[in-house]
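Worksheet: one structure, shown below.
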Ligand code: KIV
Ligand code: ZN
């Protein structure tokens with residue numbers, strides 16, 4: 001444990017790492033470049049997509065969903081180039097469940113170190129009747145044909161019954177069993193419209209594990225949207241019920257209200273390993289840099305109070321909190337900022353700050369003040385803080401120098 005001028009707060013981990021070796025490893029499937037890019041205003045050019053793909057591979061994601069090759073020539077080129085360049089992650093292309101889409105996706109991913117085609121077909125009654133106008137039997141036949149074709153063209157196939165969480169359980173089980181028999185090795189269960197609650201999604205995953213006879217031949221995956229603000233909670237509930245893969249995006253960008261945020265699901269499992277009993281391959285120190293990169297290339301800013309990567313995520317302004325932090329950081333921090341890629345904890349000086357934080361910042365700036373001197377500077381500091389949102393180092397230096405020169 002050490003305190004440095006740069007980091008007045010001890011740098012040891014807030015919570016001891018009690019990770020047992022037997023933890024389940026959860027695959028992280030990143031869809032920033034596909035579902036994320038579908039958020040209004042988030043489109044990226046080829047160079048930007050390649051940069052993000054490199055950053056995702058460095059971050060340690062298991063699968064990169066690089067795009068939807070049939071959607072446009074630009075999407076096809078991006079998936080193809082990512083497949084040809086990126087090493088260390090499976091590269092996946094999305095396809096609707098028809099021959100044209102699947103063959104286009106196969107062309108795009110064919111040179112990947114490990115290639116995946118993600119085939120999707122809606123299964124809920126609403127989608128069957130109003131969108132596809134297909135009977136349940138036709139859906140099953142289409143799913144089987146699509147998965148078989150995809151399996152003949154790439155290393156592994158993922159199948160998604162779109163709107164799975166609003167699909168009748170009997171029919172969902174029937175489609176999933178047929179898709180696994182046809183060769184799907186990952187079954188993704190999307191909450192396409194962000195409708196379910198954590199308790200419900202837990203039951204759906206539990207039900208699939210108990211009722212689908214060949215479920216042990218495939219990895220169950222969760223893909224949650226945030227329309228009711230529950231995408232992360234739902235993803236974690238699915239993991240608790242046996243999901244082995246989480247689909248998510250950097251900063252939670254995605255269709256409408258977005259997808260489950262990668263940084264949040266990863267840090268929840270890491271910080272609460274005692275509860276989830278699972279781990280990931282993610283190099284968490286890369287989370288903040290990747291978040292910044294995605295924000296820069298999409299133009300979608302990250303709100304200050306965003307969990308894990310927001311500017312305020314490790315900033316403390318209240319005097320009581322700052323005092324506690326200076327004594328022992330685990331009083332108010334459940335993870336360390338360094339663990340997610342921030343340089344250090346930020347004790348923001350403002351009107352809620354106390355004497356201890358002021359003296360500490362002055363010390364970092366090279367001034368030792370205590371006793372009456374500290375009281376006097378503190379009084380001036382509070383007057384200033386009432387007028388300004390944030391107090392900068394320059395303000396502190398001015399206050400201390402003013403005091404020194406008048407005493
Ligand atoms: O939300 C969704 O259903 C999707 C599918 C393509 C998996 O993004
Ligand atoms: Zn989606």
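Each reported figure results from applying straightforward, stated rules to the coordinates on display, with no laboratory input. Note that this is a predicted model, so its numbers are computed, not measured. Positions of Cβ are backbone-derived with ideal geometry, glycine not excepted, and every protein chain shown enters the neighbour counts.
Put a dot 7 Å past each Cα toward the Cβ at residue 363 and residue 133; how far apart are the dots in nm?
Simple spin-label model gives 7.5 nm for this pair.
Where the convex hull is taken over the Cα atoms of the stretch 169-274, what is its projected area averaged over directions, in nm²?
Its Cα hull, projected and averaged over all orientations, spans 6.6 nm².
For the stretch 308-359, what is the relative contact order in percent, using Cα pairs closer than 8 Å and at least 6 residues apart in sequence?
The value is 48 percent.
State the percent of C-alpha pairs, over all pairs in the stretch 270-407, separated by a distance greater than 19 angstrom.
59 percent
What distance in nm separates the simple spin-label points at residue 379 and residue 283, each placed 7 Å from Cα in the Cβ direction?
Label-label distance for residue 379 and residue 283, simple model: 5.4 nm.
From the helices alone, meaning DSSP H stretches of at least four residues, give me the mean residue ellipticity at 222 nm for the chain, per-run term -39500 (n - 2.57), in deg cm²/dmol to the nearest 500.
Computed mean residue ellipticity for the chain: -13000 deg cm²/dmol.
Find the relative contact order for the stretch 75-196 and round it to a whole percent, using C-alpha pairs within less than 8 Å whose residues are 6+ positions apart.
In percent, rounded to a whole number, it is 24.
Which angle from 0 to 90°, rounded to the nearest 10, does the C-alpha axis of helix 355-364 make with the longest principal axis of the chain?
Its long axis makes an angle of about 90 degrees.
Is the shape of the chain rounded, prolate or oblate, going by the alpha carbon gyration tensor and its root eigenvalues a ≥ b ≥ c, with a/c under 1.5 for rounded and a/b larger than b/c for prolate?
prolate
Determine, for 364, 31, 406, the number of other Cβ atoms within 10 Å of each Cβ, and report the residues in order from fewest to most.
Ascending Cβ contact count within 10 Å gives the list 406, 364, 31.
Give me the extension gain from residue 402 to residue 209: residue separation times 0.36 nm, minus the current Cα-Cα distance, reported in nm with one decimal.
Residue separation times 0.36 nm, minus the Cα-Cα distance, leaves 62.5 nm.
Relative to the longest principal axis of the chain, what angle (0 to 90°, nearest 10) does the C-alpha long axis of helix 169-182 take?
It works out to around 70 degrees.
Give me the angle, in degrees from 0 to 90, between the Cα long axis of helix 393-406 and the longest principal axis of the Cα atoms of the chain, rounded to the nearest 10.
10 degrees
Could you order peptides 386-397, 151-162, 259-270, 368-379 by the average number of other Cβ atoms within 10 Å of their residues, highest first?
Taking the mean over residues of other Cβ atoms within 10 Å, the ranking is 259-270, 151-162, 368-379, 386-397.
What do you get for Rg/Rh over the stretch 115-224 if you use C-alpha atoms and the Kirkwood form of Rh?
That ratio is 0.94, to two decimals.
Taking the alpha-carbon set of the stretch 77-150, what are its Rg and Dmax in Å?
14.3, 42
What is the Cα centroid distance between the stretch 277-346 and the stretch 109-167, reported in whole angstrom?
If you average the Cα positions of each part, the centres end up 38 Å apart.
How would you rank 219, 79, going from fewest to most other Cβ atoms within 10 Å of each one's own Cβ?
219, 79
According to the Cα gyration tensor, what semi-axes, each the square root of 5 times an eigenvalue, does the equivalent ellipsoid of the stretch 275-355 have, listed from largest to smallest in whole Å?
25, 18, 9
Would you mind calculating the relative contact order of the chain from Cα pairs under 8 angstrom and at least 6 residues apart, reporting the percent as a whole number?
Dividing the mean separation by the residue count of the chain yields 15 percent.
Please compute the length gained on full extension between residue 100 and residue 344, using 0.36 nm multiplied by the number of residues separating them and subtracting their Cα-Cα distance.
82.8 nm
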